[in-house]
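Take a look at the structure below.
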Amino acid sequence: KIAYLTQSIKTELSPLQKQMITLTKIIGGLAVFLGVLFFFIGGFVKGFTTSDRLIFAIGIIVANVPEGLLPTVTLSLALGVQRMVKRHALIKKLASVETLGSTNVIATDKTGTLTQNEMTVREMWISGQNVDVTGVGYEPKGKFEVEGKEIDKAEIEKKFNLLFKTGVLSNTSKLLPPNEEQKKWTIIGDPTEAALLVAAAKGDFDLDKTYKEAFLVHQFPFESVRKRMSVIYRYPKQTIAYIKGAPEETLNLCDKIWLDGKVKKLDEKMRDEILKQNDDYAKRALRVLAFAIKEISQDTTSYKMEDVEKGLTFVGLMAMMDPPRVEVTEAVRKAKTAGIKIIMITGDYGLTADSIAHRIGIVKKESRIITGADIENLSDEELSKAIEEEEVLFARVSPEHKMRVVSVLKSKGHVVAVTGDGVNDAPALKKADIGIAMGISGTDVAKEAADMILTDDNFASIVNAIEEGRAVFDNIRRFITYILASNIPQIVPFILFVVFKVPLSLTILQILAIDLGTDIFPALALGTEKPELSVMERPPRNQKEKLLNARVLLRAYGFLGPVEAAASFGAFLFMFFQNGFGFRAILDLGTQSFNVYKSNPIYIQATTMSLGAIVTTQIGNGYAVRSLRESIFKIGFFTNRFFLWGIASEIAFIFFFINVPPFNSIFGLAPVGSLNWIFLFALAPLPLIFDEVRKLIVRRFFPVKA
């Protein structure tokens, strides 16, 4: 059934993959449109042949297509994966990195993810008494006390050994003493079961003798629907079934109780007392297991679960403390500040889940506990309304219930991350936008179904991964803004030529020198930026929000681009003015055939200055786009060494193109002298200065709201 549920789920495109498809269509369509438009505009350029116009159109298309988009996206994702590994999150699919960034719901398990998964039996209920158990961890040292008074060994053996035996035999864990490699007591297997062994060892219960004197003949493994397991052991003179499971479910199968060494009828008064004690444990965030036994005929050779698990004798309860992880409370606070809803989905008892949820801050006020049975009686709309409008916890749920909760969340447009560790969790892990398996306690099936594996099984690592995911999306936008901004000074010269007959301040090959040369490495370096300080202080990105939205276009085309275009055209005019050209003379030059003035030495130097200004202002642009809101003085000029290398490569490229034959003649460039270089580098900070003013206004009047 689990395999069917898992295989029936279709793999969907990630938000990033959808965005990239949309972005490619938009940019590709825009580039082709402008290319065709400028092909016809080229017909008005005196001296332009059809071949020139075709090159012109191709150049415009090239200018508008961010050639480094794919490698930058891949690099951003790969670096995000690398950073996540250092923060204990192993990503299986690159696209999952960005999906994490748009996650707005985390559906998480309790045990081992929010808690330390290091169980210690703290209290027991047996023969009508509540017993305190001292000691922590897996070291079998501790005392058994009733109302502060220690119980002696003889009484422990008389009253507790049957409870210990039931816990030990319905168990697959092992308790290991210290050795040369491990200086403390350790376990193999499930921490919950190991805690039962430790409790028995504290009572001097002989584990080895117990294993040797009985023979395991059959077992019914734990199932999330039954919420219990049974094992059948044969002794020389009797056969006994030992049952361990959830208190309510196990108690429902009992009609007798073991009290002070005698089996008695389980009446309603005692049944209510047991349930009341269970609730008391649960309210104090203790995980509770119930234990029962049943004697089976020695002649039985075939065992049916429905026959074995009825008419049981109730033995007692063991209540375990699994403390919350130290760092989880802060991680929950950080996630909530980032606008992420956290929903606990657990197989544990509701009151236990509620106590832990309140302790770590998942819920603040009175929460609604929805059980698996409740889910079956709720419509999708009712379930969705409860999740959206109330503080809810899901307890005593099956894999089908968990998968349904995920499906309902996704149907309402949420981007859902789900944690799981067992085979039963595989369908929900695969259904989620981000399936997160536990690396330590998780099964191979869960890891295979998941998109991400937590190497430390820690909820805090999920929040860290979301932070990195948001940074990846931001980095892709940084790159796009950086590239698109330089498109404006590349296109403006052709518009000025057509409208005002100004000589072309940039040629097609010079555009290619920018797009395929100087811009590549700084753009790639922007993909390596670390998360902004405020990245987890803003709400999750809407999944429908486009990579190339109005804000990106306005910043690139309406703000940074025009600053670069003005600087580039200013540098173009500056060279003419140095050589005695006035505005009239420059315009007169533009009325001539392009084939005539393209070989003019002053014109060549002027286009060199224009190209140089675009390259230097791209340095300022690069620093500006490193953050949408934060000042560069807060981020730091030297905090991204890859970007510094990108700037160095950019400067090296432009020096090479301008000064080294035959490349300068190929690109229509010429040396311009040291004073002109000083002028060009003086233009570099302009985009940064203008954007710093914009950021100041944004921070002051448009604060972030999560």
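None of the figures in this text is laboratory data; all of them are computed from the coordinates on show. The shown structure was predicted, so the numbers you read here are calculated from the model rather than taken from an experiment. Note: ideal-geometry Cβ built from the backbone for every residue, glycine included; neighbour counts use all protein chains shown.
Things worth noting here:
- For the chain, a simple Cβ point-charge model (Lys and Arg +1, Asp and Glu -1, everything else neutral) yields a dipole of about 1580 debye relative to the Cα centre.
- Ordering 102, 568, 649 from the fewest to the most neighbouring beta carbons within 10 Å gives 649, 102, 568.
- Projected label points at residue 577 and residue 638, each 7 Å from Cα along the beta carbon direction, are separated by 3.5 nanometres.
- By average C-beta atoms within 10 angstrom, highest first, the peptides 298-309, 402-413, 330-341, 514-525: 514-525, 402-413, 330-341, 298-309
- Full extension of the segment from residue 298 to residue 337, taken as 0.36 nm per residue of separation minus the current Cα-Cα distance, would add 7.9 nm.
- Centre separation in Å (Cα based) which lies between region 86-118 and region 165-221: 32 Å
- Label-to-label distance, nm, for residues given as residue 147 and residue 215 (7 Å Cα→Cβ offset): 4.8 nm
- For peptides 654-660, 506-512, 602-608, 379-385, sequence by mean Cβ density within 10 Å, most packed first: 602-608, 506-512, 654-660, 379-385
- Average Cα contact separation per residue, the chain, under 8 Å, 6 or more apart, as relative contact order %: 16 percent
- Each eigenvalue of the Cα gyration tensor of the chain, multiplied by 5 and square-rooted, gives one semi-axis; in descending order these are 72, 23, 20 Å.
- Ranked by how many other beta carbons lie within 10 Å on average, peptides 430-439, 354-363, 674-683 from highest: 430-439, 354-363, 674-683
- Sequence-distant residues sharing a close amide H with residue 117 (under 5 Å, placed H): 112
- Exposure proxy order (Cβ contacts within 10 Å, fewest to most) of 294, 110: 294, 110
- Cβ-defined net charge surrounding residue 383, 14 Å radius [Lys, Arg +1; Asp, Glu -1]: -3
- Projected area averaged over orientations for region 358-442, convex hull of C-alpha atoms, nm²: 6.0 nm²
- Each stretch of four or more DSSP H residues adds -39500 (n - 2.57); spread over every residue of the chain, this sum gives -16000 deg cm²/dmol at 222 nm.
- Taking a straight line from the alpha carbon of residue 92, these aspartates and glutamates sit under 12 Å away, with near neighbours fewer than eight places off in the same chain left out: 448, 451.
- The lysines within cross-link reach of residue 634, meaning a Cα-to-Cα straight distance under 26 Å and a gap of 8 or more places when in the same chain, are 86, 334, 336, 530, 695, 705.
- If the chain linking residue 21 and residue 388 were pulled fully straight, counting 0.36 nm for each residue of separation and taking away their Cα-Cα distance, it would gain 129.0 nm.
- Distance from region 491-555 to region 577-651 (C-alpha centre basis), Å: 14 Å
- Annotation: extensible slack from residue 272 through residue 655 equals 129.2 nm (criterion: 0.36 nm per residue apart, minus Cα-Cα distance).
- Derived scalar couplings between HN and Hα for region 226-242 equal 6, 6, 6, 9, 9, 10, 10, 10, 9, 10, x, 10, 7, 10, 10, 9, 10 Hz in order, rounded to whole Hz, by the Karplus curve 6.51 cos²θ - 1.76 cosθ + 1.60 (θ = phi - 60°), x for Gly and Pro.
- Axial C-alpha extent at least 30 Å, average Kyte-Doolittle at least 1.0 - helices from the chain (DSSP): 15-41, 459-500
- Couplings 3J(HN,Hα) of region 390-398, computed from phi: 10, 8, 10, 10, 10, 10, 6, 9, 9 Hz, in residue order, whole Hz [Karplus 6.51 cos²θ - 1.76 cosθ + 1.60, θ = phi - 60°; x for Gly and Pro].
- Structure note, pairs 227/256; 110/402; 341/385; 110/412; 402/431; 165/294: Cα-Cα distances above 18 angstrom occur for 227/256; 110/412.
- Taking amide H as placed 1.01 Å from N in the peptide plane, the amide H of residue 259 sits under 5 Å from that of 264, each at least 5 places away or on another chain.
- At 1.567 mPa s and 4 °C, Stokes diffusion of region 120-321 via Kirkwood alpha-carbon radius, µm² per second: 75 µm²/s
- Near the amide H of residue 254, within less than 5 Å, lie the amide hydrogens of 312, all on another chain or at least 5 residues away, with H placed in the peptide plane.
- Karplus (6.51, -1.76, 1.60) ³J(HN,Hα), θ = phi - 60°, over region 260-265, in Hz, Gly and Pro reported as x: 6, x, 10, 8, 10, 5
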